[in-house]
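Enquirer: Structure in structure tokens, see below.
No lab work stands behind these numbers, since they all come straight from the coordinates. This one's a predicted model, so the numbers in the text were calculated from it and none came from an experiment. When we count neighbours, we look across all protein chains shown, and the Cβ atoms used for this are built from the backbone with ideal geometry, even at glycine.
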Amino acid sequence: MTPERFDIYDDQQKWIGTAPRNEVHAKGYWHRSFHCWIVRDEGDKRMVLFQRRRDIKDTFPGYYDITAAGHLTAGEQLQDAHRELAEELGVYTSFDALTYLFTATQQLQGEVRGVPFLDREFSAVYGLCLNQPLESYVLQASEVDSLYEAPLDELLALFRQETDVVQASGVRAQVLTSTQAGAVPGDELPTNLDDLCDLGDRSDVKVKQSARKSRFVSEVRAADFVPHGTRYYIDVLETLRRVDGV
């Protein structure tokens, strides 16, 4: 499989070339990303959706994060990057339906399975109001472990340190595999990221999600989210108030 390549930039957002994903994160090259936060309205309450990253991710595995997000690969524009909504959540909408919120400059670092990373991004942040239940989303097996929602006002209180914990409702789809050649359905997906990606690329294998989803409730804390920074989360939540419904 050909490694993903990203356009890379200096700290003034001037393009300086391309590099493979692992090198970008190892050496801390600046690159671009797309963030989209989805909200829905429930009476006079605005709910905010966020995902839990799979435990096999190469940065911040198992953390709560943006509803849908991704890096721009080499040559991509933001209009192309909104494909993340379809890939991660099964949401097909036009780029024009999104509301631009702001651009964030972020430097995130850590270590996963003994490998350090430095993630420097120029992130264009968007919002989308989509009034559909959690159960209707189709989660991408290699990226998203589960999808949650919580009231916007309660999440704001969480990041303003006015409360320690918020109750969030979530769904996790059971993922099954089956083959066109008649293999027995119900085999579990591999947990290794490379094996999972290879499986999805094989022409004789279909990776699908069970339609059976049951809701559960989890306690979430600010420290459970990817450390984009308190200011980032507060700015996102405040600006999501002005995203128009459809």
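Enquirer: Filter the GluC sites (Glu not before Pro) in the range 59-108 to those in DSSP coil with at most 13 other Cβ atoms within 10 Å of their Cβ, and list the result.
Expert: Sparse-neighbourhood loop GluC sites (Glu not before Pro): none present.
Enquirer: Within the range 1-91, list the trypsin sites (Lys or Arg not before Pro) lying in a DSSP loop whose Cβ has at most 12 other Cβ atoms in a 10 Å radius.
Expert: Lys14
Enquirer: To make sure I understand the rule: partners must be aspartates and glutamates, Cα under 18 Å from the Cα of Lys45, and not fewer than 8 residues away in the same chain. Which ones qualify?
Expert: Glu149, Asp153, Glu154, Glu238, Asp244
Enquirer: Could you pull out the chymotrypsin sites (Phe, Trp or Tyr not before Pro) across the range 41-119 that fall in loop regions by DSSP (anything but H, G, I, E, B) with no more than 10 other Cβ atoms inside 10 Å?
Expert: Within the range 41-119, the qualifying chymotrypsin sites (Phe, Trp or Tyr not before Pro) (loop, at most 10 other Cβ atoms within 10 Å) are Tyr92.
Enquirer: Under 20 Å between alpha carbons, and skipping anything fewer than 8 positions from Lys27 in its own chain: which aspartates and glutamates qualify?
Expert: Answer for Lys27, where 20 Å is the Cα cut-off: Glu4, Asp7, Asp10, Asp11, Asp58, Glu111, Asp119, Glu121, listed by chain and number.
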